[in-house]
Structures are given as C-alpha cells and as structure tokens.
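The values are calculated or read from the model by the stated rules, or taken from the named source; none is laboratory data. Everything numeric here is computed off the predicted structure, so don't read it as measured data. Reconstructed Cβ throughout: ideal geometry from the backbone, glycine too, with neighbour counts over all protein chains shown. To get the accessible areas, we keep the full protein, side chains included, count just its heavy atoms, and leave off ligands, DNA and RNA. Shrake-Rupley method; radii C 1.70, N 1.55, O 1.52, S 1.80 Å.
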Amino acid sequence: MSEVRNTMAAQATGSYIAQEDRHAAHNYHPLPVVVASGDGAWVTDVDGKRYLDCLAAYSAVNFGHSNPVLLDAARAQLDRITLTSRAFHNDQLGPFVTELAALAGKDMVLPMNTGAEAVESAIKVARAWGYRVKGVPDGEANIVVMAGNFHGRTTTIISFSDDESARADFGPYTPGFRTVPYGDAAALEAAIDDHTVAVLLEPIQGEAGIIVPPADYLPAVREICTRLRALFIADEIQSGLGRTGATFACDLVDVVPDVYLLGKALGGGIVPVSAVVADADVLGVLHAGEHGSTFGGNPLAAAVGRAVVSMLATGEPQARARELGGVLRERLEALIGHGVVAVRGAGLWAGIDIDPVKGTGREICERLMERGVLAKDTHGSTIRLAPPIVVSEEDLVWAVEQLEAVLVDA
Ligand SMILES: *Cc1c(COP(=O)(O)O)cnc(C)c1O
C-alpha cells in the first residue's frame, strides 16, 4: 500500500517538474522538491513530506511561512483596497513610510517593489544628487562598486557584476561604474574622484558566500565617503531586517550609511516590497515625474510592510536571530575539520565552505534534501544556512545534525 502511495507521489512531483521544464524559462536549477504549503520554518511538498526551510527564500521569509501577524495584516488590507497607483494618495503609504523611516533613523522612503528596482532607483538618486548637489559635470558621474557584488539582475546592475554567468551576452553594458576589491579601504579611496557620486556595497556579501568584511572596513568606508563627498549606499536587501541579529548589518559595526536599500523581508514573504531609505538632503533631489512605479507604495504592500516594521520595532526578531545565531555558529564550528573547511556569517546567516572531497555545494544540498533540510549552495563548495528567524532551537540543531550526517556519509 505505502509502495503504491510512494509511486503515485513520485509521479505527482515528476509531473509538476516536467511542466516547469517544458514551459518555464530555464533560468533556475531548482532542487527536485515541489512545495505546496508552509508553516513557520517548515514547508510541505505535494507528497506530504516535510522539510525544514534553511534558505527562507534568500531571507525574504525571515518571519516564517504563513506568519499569522503578517497574514492578518494582508487579509485585512485585501478586503479594503489593494492598488490605487501613486496618482492618488492611499491611507497605508503615509503611515508605512513614516514608520519605516523611523525604524531606519532617516527622513524619507522611496517605495518600490523588487530589490533590483531599489538598487536602480538608488543609482538614479545618487546620479541626480551628484549633478544637482555635488556639482558633478553632466553625464560624468561614476559609482564605485565591489568585486563579487550581487545587486540584482537588471541590465544596468549586471553591467557591474563580475559573475560571467550573470552578464555574458547581455551587453552592451551601462557605463559609469568602477570596481574595487571588497574589504579594501585603501583601494576604495584610490578609486574615488571628483566625479564619484556614490559607493555601493553589501555590508555582508550574500550571494558571494556570506563574506563578512574586516570589522574596521565599514567604519573606514563611512569616513572616506564623508570626507570625499560620496554617498554611502548600503544594499541591505538580504542582510537587513533582522537576519544578522540587528535591524541592519551596518548596526553590527555602528555605521550609518547615507542610503539603505531594503527589500526581500520587507514584504514579509507575501508581496514584493522594496525601498530606498535616506535623509531629505538625498531623496529630496527627486521631483514629481522623475521616477515612479505603478505598484510601488501600493496599499497592500504598505500594509504588509507596516506589519513587518512593527515586528522589527520590538527588537524581538533581531534578538532571536542573535541568540539562535550563537547556537548555529557553535554547532557549525564543531564541524570544522570534519568535512567543513570554514564558517562565516552573522546572526542566523551562515556561509559554510565544504571540503571539496565531500562533494559540490549542490551535491551536499541534494543529500540534505533527502534528509528533510532545504538549503542552497552559493557557488562552488559553499552552502548557506539562513532559516526563518522563527525556527526553534531544537529544529535548528537538528538541521546541523543532518549536515553532519551528510558529511560523515560522503
Ligand atoms: C536579492 C538581492 C537583490 C535583488 O533583489 P530582487 O528582489 O531579486 O530583485 C539585490 N541585492 C541583494 C544584496 C540581494 O540579496
């Protein structure tokens, strides 16, 4: 009987995957699991098998699947109104931008939808600031970016990526960017000139493998940007909103950038919500008609964003990520020399370099999946663990035990 059920289940999984293979563009290579529902840190596939979600949609699901507080906020707003466009005011946007600005300690918010849109918007704002405030000659602005960066997938953003698979055959590329090594303050300073309007970086590089810069790096970037009059833009789309044990990864080293870029968790895993957050002397350069988005600042997004901000305003998710992050770190460090080469990260966000003799990151993730843990490789032999912050300590420890078992078996 159970054999019959297993065969039917495998057929269901296979047919969903076959449909995607045939009719969805092949721009991803997903693990062969078909998720049907989720609750907290756990998801259930179409066959009823449960998995601990240790990716949390690249930190978009920091507060867990089907978070009841966020779902209530979304449902209440669904019954009222979901989209007005910015041609009219709506009664959620004002409170949302006020509350988010307060959380970030800034004056103003530019609401957008996806992370890449927040990055694109910040590039436009920085250039306009450069021409109108700093006095850069028209068309001459440059922005300094980091080797190994990941800021999204649009044509301008991939123009300054150094990942060949992200950029090859997508040119011609947008000019106006210069790349320096990440974590090297002297190289950054040398790259800045009178036409530099901004420095754009991730305070911890996520897709590059959870790369944490030296503790004195971000303070040095802050000092250099202030002295040389360039905007410090921190892309906190993945690192922000609780993941690292702080509201922003910049908080971990007491640094305040000029501009925060937020996305992912800001939409509570329900709707895409992103934002550029800065003071009025920066965001105030935008005038009516110069930038926009049909969906940016919509009332559904704003209502969900408000619920996310109010959770973060309690400080509880950050404290929980800090505490559980300590547990995760300790457990992972015990595996160094037993199939693990190095562990990096902050809070509930770990990059784990696996000994290549144990297999590629992808192979390790496939074996973890068989044991009920969903994780994702970043590149090569590095995997990341970033479960929803609502994960229980018991489940978190269990996930590390599964990794240990996978490495012992390999
Ligand atoms: C995911 C991500 C983005 C892009 O966000 P999308 O919503 O996928 O466009 C930008 N920057 C960082 C650091 C990210 O992790």
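Between the stretch 376-392 and the stretch 32-104, what is the separation of their alpha carbon centroids in Å? The two parts, judged by their Cα centres, are 20 Å apart.
Accessible surface calculations at 1.4 Å, restricted to protein heavy atoms, place the stretch 68-313 at 40 Å² per residue. A straight line joining the Cα centroids of the stretch 184-229 and the stretch 238-298 runs 18 Å. Rounded, prolate or oblate: which fits the stretch 148-307 when a ≥ b ≥ c are the square roots of the eigenvalues of the alpha-carbon gyration tensor, with rounded for a/c under 1.5 and prolate only if a/b beats b/c? It is rounded, given that a/c, with a ≥ b ≥ c, falls under 1.5.
For THR179, the amide hydrogen comes within under 5 Å of the amide hydrogens of VAL145, counting only partners 5 or more places away or on other chains and with H modelled in the peptide plane. Largest accessible area first, the listed residues TRP349, TRP129 line up as TRP129, TRP349 when surface is computed with a 1.4 Å probe on the assembled protein chains. Scoring 300-309, 368-377 by mean Cβ neighbours within 10 Å over their residues and listing the highest first yields 300-309, 368-377.
Computed over protein heavy atoms with a 1.4 Å probe, the carbon and sulfur contribution to the accessible area of the chain reaches 54%. Considering helices alone, the calculated mean residue ellipticity of the chain at 222 nm is -11500 deg cm²/dmol, with DSSP H runs of length four and up weighted by -39500 (n - 2.57) and normalised per residue. Highest mean first, the peptides 118-125, 18-25, 220-227, 334-341 sorted by other C-beta atoms within 10 Å per residue fall in the order 118-125, 220-227, 334-341, 18-25. Shown for the chain are the DSSP H helices of 18 Å or more along their axis, judged by Cα atoms, with a mean Kyte-Doolittle hydropathy of at least -0.5: 115-129, 299-313, 393-409. Relative contact order for the chain: 22 percent, from Cα pairs under 8 Å spaced at least 6 residues apart, divided by residue count. The residues PHE248, PHE295, sorted by heavy-atom accessible surface at 1.4 Å with ligands and nucleic acids left out, run PHE295, PHE248 from largest to smallest. Computed about the Cα centre, the dipole magnitude for the chain is approximately 660 debye when only Lys and Arg (+1) and Asp and Glu (-1) carry charge, each at its Cβ.
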